[in-house]
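Each reported figure results from applying straightforward, stated rules to the coordinates on display, with no laboratory input. Quick caveat, the model's predicted, so the values are computed rather than measured. Neighbour counts run over all protein chains shown; Cβ positions are idealised from the backbone, glycine included.
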């Protein structure tokens with residue numbers, strides 16, 4: 001109504017203006033045509049402005065929704081009712097290892113084939129069985145494990161959820177929102193946990209078997225003299241080994257609870273290294289453990305804990321030097337503290353294993369048990385925590401096939417992280 005009134009006023013104004021400006025009828029006609037076109041142009045601009053004002057909240061809402069999807073940590077795909085992927089956020093690009101989101105804006109069937117979508121057991125998912133396909137059929141799919149092959153060729157374990165969006169029930173699905181969460185690290189930790197439980201069971205069962213066997217032998221046969229001494233020695237040694245395994249587990253618990261405490265005192269690292277060598281050398285006849293220390297190196301540290309670190313490093317050096325050889329322990333003085341270096345001539349550490357060396361439960365070269373104290377993959381984790389609680393640091397140098405050197409630095413003045421002894425975990 002308002003637009004019609006405005007048009008009528010404009011036409012009357014244009015007629016009057018044309019009469020006043022032009023004497024001839026031809027001039028007046030041209031003027032009226034010109035004013036008509038001006039009215040049409042002004043009307044179009046006005047309508048465009050009104051349209052932009054009216055749709056501004058919608059555009060702002062769309063931008064906010066797009067920004068929200070883009071900022072999500074999990075990968076998100078938006079699929080229309082025909083199975084075409086309309087949106088893919090940055091997390092999806094990174095998870096699927098493609099160049100940009102445009103590569104993902106395809107039909108879900110092309111997506112399924114390209115990324116080899118499979119179930120958690122590795123069986124290929126058919127169109128209707130995939131979480132996306134079922135959601136297009138109206139089903140809600142919550143956290144279903146699947147496997148896929150990313151654009152870079154790597155295998156990815158993911159958890160998929162797919163939610164159908166109905167514009168108006170019971171109409172067909174208009175959109176499906178799909179989220180993918182990378183659970184590769186979770187799967188790796190689960191595998192390490194399972195391996196740890198298997199190793200722990202084996203490591204605890206082995207000394208128990210020896211203890212039980214010799215105890216039964218002593219009881220039934222009444223052994224005396226050298227045979228009895230040997231049996232008691234085996235029992236004692238295996239009990240010590242089992243006790244050490246249990247202490248390692250308790251230390252790991254203390255690390256997690258922040259209850260691995262230090263009792264600092266002035267310590268001579270050369271003496272600690274010599275004691276650790278004297279303890280480990282009898283366990284191996286194929287290795288020669290050598291202390292290389294020309295000057296005294298005194299620090300403020302927890303004597304027992306540093307001995308534990310040295311024992312772990314020496315055990316590893318022996319364990320991963322199957323051909324035997326020299327294991328050299330060096331103690332060096334530096335401006336910021338004392339460095340202890342344990343160097344072997346063994347297997348070295350492969351490139352893909354190096355980032356996992358200090359992880360709990362990680363067993364490099366699985367199945368390679370070359371020491372009487374094989375351990376459960378937590379020794380280096382505990383060693384790192386002990387050194388760091390002293391305010392120091394631990395690292396390694398390695399060359400595959402030629403050996404490794406594990407080093408740690410302790411500051412001269414000790415750590416500020418000392419606490420009163422906590423109850424045993």
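Numbers at a glance
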| item | result |
| --- | --- |
| Contour minus Cα-Cα distance for residue 193 and residue 116 (0.36 nm per residue) | 24.9 nm |
| Likely footprinting exposure, 115, 408, fewest C-beta neighbours within 10 Å first | 115, 408 |
| Residue 100-residue 402 FRET efficiency (beta carbon distance; Förster radius 51 Å; 0.05 resolution) | 0.70 |
| Contour excess over end-to-end distance, with Cα ends at residue 163 and residue 292 and 0.36 nm allotted per residue | 39.8 nm |
| Sorted by Cβ neighbour density within 10 Å, fewest at the top, the residues 84, 118 | 84, 118 |
